[in-house]
Amino acid sequence: MRVLVTGTGGQLALSLAEIAGQQGADVAAAGRPGLDVTRQASIAENIKRIRPAIVVNAAAFTDVDAAERDPALAHAVNAEGAGNVASACARAGVPMVHISTDYVFDGNKPDPYVEEDLPAPVNAYGRSKLEGETRVAATCSRHLILRTAWLYSPFGRNFARTMLRLAGERDAIRVVADQVGTPTYAPHLAQAVLAAASQILRNRDEPLWGTYHAAGAGATSWCGLAEELLACSAAGGGPSASVHPIDTAGYPTPARRPANSRLDCSKLERTFGITLPRWETGARACMARLVGRNDHTEPAFRAGERAP
């Protein structure tokens, strides 16, 4: 299975490249300037050159607060760019997996969100990602839209690396405790993406297309995630700090965040037999890598055949 991944420096793109061999995949990641999702011709040229069996659109403008300051740029990448990838895939007859976000929801639901819930984003980033979903669904009939949440990894800028840095600089960290979600370790999401892609390529005539939620099992707050990450860091000899819970009002940001970002991923399990590991497992694996321990063992990833 040859996979073209749009974007090269993001957490998911790097994770896909790293674990491709575990799923029997040949991953070719392409990003600017060689592949620019804001230019449809650029995407078409890469598809023609690489000849992928499937395209994973992982390119995105993910800085939520920067998107609030520059919504036009977020729209160009997350909405228009996603539509360009979908159009190029449709013309080439290549299916695609598009990565979206929990931020398409407003966070007012008391329970975890299911795919059928009505999106109502509360910030520019969420609006741009929702428009991207709409364009993908309308343009490329053979698509999977995978919504994920609170992505972190050993790569790039993310919550886990920020907590580790802050723990090395101070004794106490104030972290929001009244926003809850489903933290997702990027390598676990990468495994799920490749497993789902493999199934849709093997079952071309079955109606597996559509929108799914793909996030770590379980749920916690940002404060709870920080506590777990730093406990894992301390256990491995890395930096730690005390974590003090605060409410959202105590940490104002340019963009509003949903109070509830929990995603119900049971549809993914029912359809593909895929369940991502619990968020605590991802936290342990991430910190083991970041603090330099290599003796951890991750549990087997569940990616079987579809449930009957």
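The values are calculated or read from the model by the stated rules, or taken from the named source; none is laboratory data. This is a predicted model, so every value here is computed, not measured. Here the Cβ positions follow ideal geometry from the backbone for every residue, glycine too, while neighbour counts run over all protein chains shown.
Some notes on this structure:
- Some residue of region 19-37 being in contact with a strand residue (DSSP E or B) (Cβ under 6 Å, 6 or more places away or on another chain), closer than 14 Å to VAL94 by Cα and not polar (S, T, N, Q): no
- Scanning region 182-208 for residues that are under 12 Å from the mean Cα position of the chain (by Cα) and either among the aromatic types (Phe, Trp, Tyr) or in a helix (DSSP H, G or I) (or both) yields TYR185, ALA186, PRO187, HIS188, LEU189, ALA190, GLN191, ALA192, VAL193.
- Which numbered condition CYS140 misses (of (1) more than 28 Å from GLY83 (Cβ to Cβ); (2) in contact with a Cys (Cβ under 7 Å, 6 or more places away or on another chain); (3) buried (at least 23 other Cβ atoms within 10 Å of the Cβ); (4) hydrophobic (A, V, I, L, M, F, W, C)): (1)
- Taking the criterion of being among the aliphatic types (A, V, I, L, M) and touching a residue at least 60 places away in the same chain (Cβ under 8 Å), the residues of region 248-294 that qualify are ALA255, ALA259, LEU263, LEU268, ILE274, LEU276, ALA283, ALA285, MET287, LEU290, VAL291.
- Single residue of ALA76, ALA124, ALA82, ALA90 found to be without any contact (Cβ under 8 Å) to a residue 40 or more places away in the chain and hydrophobic (A, V, I, L, M, F, W, C): ALA76
- Exactly one residue out of LEU225, LEU230 is within 21 Å of the chain's Cα centre (by Cα) and farther than 18 Å from THR101 by Cα: that is LEU225.
- Test: residue in region 9-23 that is without any contact (Cβ under 8 Å) to a residue 60 or more places away in the chain and more than 18 Å from the chain's Cα centre (by Cα): yes
- Members of region 241-256 found to be in contact with a helix residue (DSSP H, G or I) (Cβ under 7 Å, 6 or more places away or on another chain) and outside any strand (DSSP E or B), listed by number: ALA241, THR253, PRO254, ALA255
- Filtered by the rule that a residue be among the β-branched types (Val, Ile, Thr) and within 18 Å of TRP222 (Cα to Cα), region 261-290 gives a lone residue, THR281.
- In region 11-48, of all residues being at pLDDT 90 or above and assigned to a loop (DSSP other than H, G, I, E, B), the one that is farthest from PRO187 (Cα to Cα) corresponds to ARG39.
- For region 90-177, the strands (runs of 3 or more DSSP E) that sit wholly inside it and include 3 or more residues that are under 14 Å from the mean Cα position of the chain (by Cα) are 96-101, 143-148.
- VAL85 surrounded by 23 or more Cβ atoms within 10 Å (Cβ to Cβ) and at pLDDT 95 or above: yes
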